[in-house]
Amino acid sequence: MLIPLINAHAHNDYAQPHPLRGSLERGFCSIEADVFLVDGALLVGHDRKDLKPEKTLVDMYLKPLAEEVRTHGGTVYGTKQEVLLLVDIKANGKEAYEQLQKDLKPFHSFLSGFRRGRTVQQAVKVILSGDRPIQEVAAQKERFVFIDGRTENLGGDPNLYPLISESFLPRFKYLGTGAFGDSNSKTLTDFVSKAHASKQLVRFWATPETPTMWSILFDHKVDLIGTDKQADLASFLTSQLKLKR
């Protein structure tokens, strides 16, 4: 049985040879897709020049995830592990969110949501990143999306900001090799501890893609480790799980 890798985040998953499918086959529990709103459809791609009408968020991610949930009895992996789908809105956040709400409606049965003042966990949690319509989302008494927070949201409401994400290099000035340093270690420990005290997850983008960097993030209990090198990160995290046994 495949063991879900709870720390594995598929950065720009759509750019992989087998979007979504490759990530799921490796056990990734967080998957990122960039989207643009074009003629009433959310198209997946990093730049507008990459967009194709057939590459929609619905067809590339929501429908296949629904099939996985059906196959595995209500969850993605047949375990209680929730899978995160980060939808990175590249432009026109408010309008894109209006379309996203329509796209998500047929899939509500397996989406984590917020209602009656609390989060109800299901198989997949959709988190909005990028051009986030924060005010519109926060004003809703019932919703099926959450917001990817930033440092100013650290320690905030996890029902709105379940994840705190920041760029790594400007804060830590570390290139992925050699000693991390006591000062960096304390800063990272304090950041993660504050998030966890508020039941928030932590993710950094622009981290160096090295085993040394992954070890530092893992050892400091960073929840999501992002990568474009999916096979390498999966191998690393699997080895860490074996060491814990």
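The values are calculated or read from the model by the stated rules, or taken from the named source; none is laboratory data. Given the structure is predicted, the values throughout are model-derived calculations rather than measurements. Using ideal geometry, Cβ is built from the backbone for each residue, glycine included, and neighbour counts are taken over all protein chains shown.
Using beta carbons and a limit of 9 Å, which pairs, at least six apart or on different chains, have the first residue in segment 18-41 and over 16 Å from S129 (Cβ atoms) and touching a residue at least 60 places away in the same chain (Cβ under 8 Å) and the second one of a type in the set (A, V, I, L, M, F, W, C) and part of a helix (DSSP H, G or I)?
Hits for this filter: G22/A231; R26/A231; R26/L233; R26/A234; G27/A234; G27/L237; F28/L233; F28/A234.
Looking at this structure, is V137 in contact with a His (Cβ under 7 Å, 6 or more places away or on another chain) and part of a helix (DSSP H, G or I)?
No, not satisfied.
Among the residues of segment 97-127, write down those that are within 19 Å of the chain's Cα centre (by Cα) and assigned to a helix (DSSP H, G or I).
Y97, L100, Q101, D103, L104, F107, H108, F110 - these are the residues of segment 97-127 that are within 19 Å of the chain's Cα centre (by Cα) and assigned to a helix (DSSP H, G or I).
Does S183 satisfy being of a type in the set (S, T, N, Q) and either touching a helix residue (DSSP H, G or I) at 6+ places or on another chain (Cβ under 6 Å) or over 22 Å from E32 (Cβ atoms) (or both)?
The answer is yes for S183.
Whether any residue in segment 214-231 is modelled with pLDDT of 95 or more, hydrophobic (A, V, I, L, M, F, W, C), in a helix (DSSP H, G or I) and over 15 Å from F168 (Cβ atoms) is what I want to check.
Yes, there is a match, as at least one residue in segment 214-231 is modelled with pLDDT of 95 or more, hydrophobic (A, V, I, L, M, F, W, C), in a helix (DSSP H, G or I) and over 15 Å from F168 (Cβ atoms).
Being part of a helix (DSSP H, G or I) and either more than 26 Å from G156 (Cβ to Cβ) or touching a His at 6+ places or on another chain (Cβ under 8 Å) (or both) is the filter here, so list the residues in segment 176-213 that pass it.
Answer for segment 176-213, where residues must be part of a helix (DSSP H, G or I) and either more than 26 Å from G156 (Cβ to Cβ) or touching a His at 6+ places or on another chain (Cβ under 8 Å) (or both): D182, S185, L188, T189, V192, P211, T212, M213.
In the set L175, L160, L224, which member is among the aliphatic types (A, V, I, L, M) and touching a Cys at 6+ places or on another chain (Cβ under 9 Å)?
None of the other options fit; the residue is L224.
Please go through (1) under 24 Å from A15 (Cβ atoms); (2) under 15 Å from the mean Cα position of the chain (by Cα); (3) crowded, with 21+ Cβ neighbours inside 10 Å for W205 and return the number of the only condition it doesn't satisfy.
Single failed check for W205: (3).
Check whether at least one residue in segment 155-163 is surrounded by 13 or more Cβ atoms within 10 Å (Cβ to Cβ), part of a helix (DSSP H, G or I), without any contact (Cβ under 8 Å) to a residue 40 or more places away in the chain and not hydrophobic (A, V, I, L, M, F, W, C), and report yes or no.
no
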